[in-house]
Amino acid sequence: MGKVEEVLVKVKVDGYGEVILELNEELDVVKELIKKIPFSSKVEVWKEEIYFRTPLSGIGGETCLKVDKGSVALWPPGRALCIFYGISQPYTPIVPIGEVVGPLHTLSELSQGVEVRVESYQDDEGLPLELRRRGLCAARRIRGGEESVVVNLKVKGFTLRFEAYEEEYGIPIEGEPLFKWQHDYSSISALRRIKEAIKDPEVRIDINEEGYLVLSSYAKEVGQVIKVLSSLAQAYLKVLNL
């Protein structure tokens, strides 16, 4: 079976920033959606899902009733594009078309009625392009006025999501949150178990800017990023017992 052709799409959310989607370009319905870009819409929120109406006149394709966290799908009754950032499931059957690139936790900040604009992703040189040349899904995005590179890494059938920050002094890299850190016995107990699982001296147990516990590391230069991502991925697999 050949490699599935993917296309990157940018969703610009008013007051939030950008969400990058990787869509399966081989699907006819995705080809039709791409033809409608750019377009604007308004967010609807349901459980751990956001969705918004598209200009599509109809949505065809193979449907399913179960999705993974981070899935992107089209909902035929509402002619809507759906982003599942948590564990909630579709209301009725949907057509899966791709997934979100990068960590998902801040998508819970989006509120009902906020405006979005769907645009083509414009490629650039640098870290995202280098990572894609090596087979990873990566893109540059802006959120909260800060630029970063979001990356998806598939290991053992599981999608691990990372965010890298290109600085003059190197590239800090954070993984997706494990849980919201609290100074209570439950969090301290979980932290102890995570420490026992992490043996790599280059992988750190850290807190991100939103107060979530994550695994993080650092690459001195672009050429080291793949190695660092691999180390972080192995650490996450151990912590998640996958």
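Please treat every number below as a calculation from the coordinates, not as lab data. Since the structure is predicted, the reported quantities are computational estimates derived from the model, not experimental observations. Backbone-built Cβ (ideal geometry, glycine too); neighbour counts: all protein chains shown.
Arranged from fewest to most other beta-carbon atoms within 10 Å of their beta carbon, His183, His105 become His183, His105.
Seen from all directions on average, the chain presents a Cα convex hull projection of 13.8 nm². Projecting the Cα atoms of Leu81, Asn24, Val100 onto the charge dipole of segment 6-120, computed from C-beta unit charges around the Cα centre, puts Leu81 farthest toward the positive end. Can you list the GluC sites (Glu not before Pro) in segment 77-165 that are in a DSSP coil and have 16 or fewer other beta carbons within 10 angstrom? Loop-located and lightly packed - Glu125.
Extending 7 Å from the Cα toward the beta-carbon at both Arg117 and Glu221 defines two label points whose distance is 3.9 nm. Taking Lys and Arg as +1 and Asp and Glu as -1, the other residues whose beta-carbon sits under 15 Å from that of Ser111 total -4. Evaluated with a Cβ-only charge set (Lys, Arg +1; Asp, Glu -1), segment 6-120 carries a dipole of roughly 340 debye about its Cα centre, given to the nearest 20.
Taking amide H positions as modeled 1.01 Å from N, with prolines and chain starts lacking one, the residues under 5 Å from Ile97 and 5 or more places away or on another chain are Val72, Ala73, Leu74.
Amide hydrogen proximity for Cys137: with H placed 1.01 Å from N in the peptide plane, the residues at 5 or more positions away or on another chain lying under 5 Å are Asn152.
Working note: Karplus 6.51/-1.76/1.60 with θ = phi - 60° gives segment 164-169 the couplings 10, 10, 7, 10, 4, 9 Hz, where Gly and Pro are set to x.
Here the 3J(HN,Hα) profile of segment 45-58, calculated from phi with Karplus coefficients 6.51, -1.76 and 1.60 at θ = phi - 60°, is 10, 9, 6, 9, 8, 10, 8, 8, 5, 10, x, 4, 7, x Hz, Gly and Pro shown as x. Full extension of the chain segment joining Ile205 with Thr63 gains 47.2 nm, where the gain is 0.36 nm per residue of separation less the Cα-Cα distance. Based on DSSP H segments of at least four residues, each scored -39500 (n - 2.57), the chain has a per-residue ellipticity at 222 nm of -5500 deg cm²/dmol.
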